[in-house]
Each structure stands twice: as structure tokens, then as C-alpha cells.
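Colleague: Below you will find the structure I want to go over with you.
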Amino acid sequence: MDASGVAVLVSRLATTALAAFLAIALWSRTRDLAWMLVVIGTVAGYADILYALLVDFGVVDERSGVLFGIPLAAMLFANLPALFYAGAFLTMILRRRIR
């Protein structure tokens, strides 16, 4: 990876770290399921960027968990935030519909 790619990854890491920190601060103040799923999705996004950074620096071997040529950990980390956000949105939709 070239220097510009590392700079982009590090800037994503810094901004997502700030978002994850603020999400964890919110988590301690709320018991609402939808907000907790948003918080977990944000923290999962941070984990995705950390994993990508570890793979790019060669600390983690991405080929260790491959199924049909697809790195499973990378696919899980990439899709997990969206799944938690979808769960939060569904919770809010169902909450509004029940009332």
C-alpha cells in the first residue's frame, strides 16, 4: 500500500475512533434498543477499519479464514455495521407502527 492509501486509512481510523468514543459515551446514557444498535454498529465500523489496517500492515493474514475464495472476516466486518443499523431502523419502524 502506498503512502496516500495509508493516509486515507489512518484518517478513517481517526474519525471513526471519535465516532466510536462518542457512541460509547451515549451508550452509558441510553437504554433504548434502537440507539444501542446504532452504537454497536458504529463500534463495529471502527472494528472494520482496525481489521483493514491490521491486514494492510501484515499483522493479520487475511487468507487464514477463506471460504470459496472469500475472506470471511473481511466480509463479516464490512457488513456488520450495516446489519446493526438496519436492526435499529427496523426497531424504530416497528415501534412507530405499534403505537
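Bear in mind these aren't lab numbers, they're just calculated from the coordinates by the rules spelled out. Predicted model only: the values in this text are computed from it and were never measured. Neighbour counts are summed over all protein chains in view; Cβ atoms, including those assigned to glycine, are modelled from backbone coordinates with ideal geometry.
Colleague: Taking the Cα centre of segment 3-98 as origin, work out the dipole magnitude from +1 charges on Lys and Arg Cβ and -1 charges on Asp and Glu Cβ, in debye rounded to 20.
Modeller: 580
Colleague: Out of THR30, GLY41, ALA86, whose Cα points farthest toward the positive end of the dipole of the chain (charges: +1 Lys, Arg; -1 Asp, Glu; placed on Cβ)?
Modeller: Of the listed residues, the answer is THR30.
Colleague: Separate question: How much length, in nm to one decimal, is gained on full extension between ARG63 and ILE24, taken as 0.36 nm per residue of separation minus their Cα-Cα distance?
Modeller: My answer for the length gained is 10.9 nm.
Colleague: Most mobile of ILE40, ILE49, ILE24 per a Gaussian network model of the chain (Cα springs, under 10 Å)?
Modeller: Among ILE40, ILE49, ILE24, the largest mean-square fluctuation in the Gaussian network model of the chain belongs to ILE24.
Colleague: Please give the peptides 53-59, 4-10, 86-92 ranked by average Cβ packing (other Cβ atoms within 10 Å per residue), highest first, as a rough proxy for protection.
Modeller: Listed from highest to lowest mean packing, they are 86-92, 53-59, 4-10.
Colleague: Taking only DSSP H segments of four or more residues, each worth -39500 (n - 2.57), what value at 222 nm results for the chain once the sum is divided by all its residues, to the nearest 500 deg cm²/dmol?
Modeller: -27000 deg cm²/dmol
Colleague: Which one is right for this structure if percent of Cα pairs over 16 Å apart is calculated from it: [x] 64; [y] 82; [z] 58?
Modeller: Of the labelled values, this structure produces [x].
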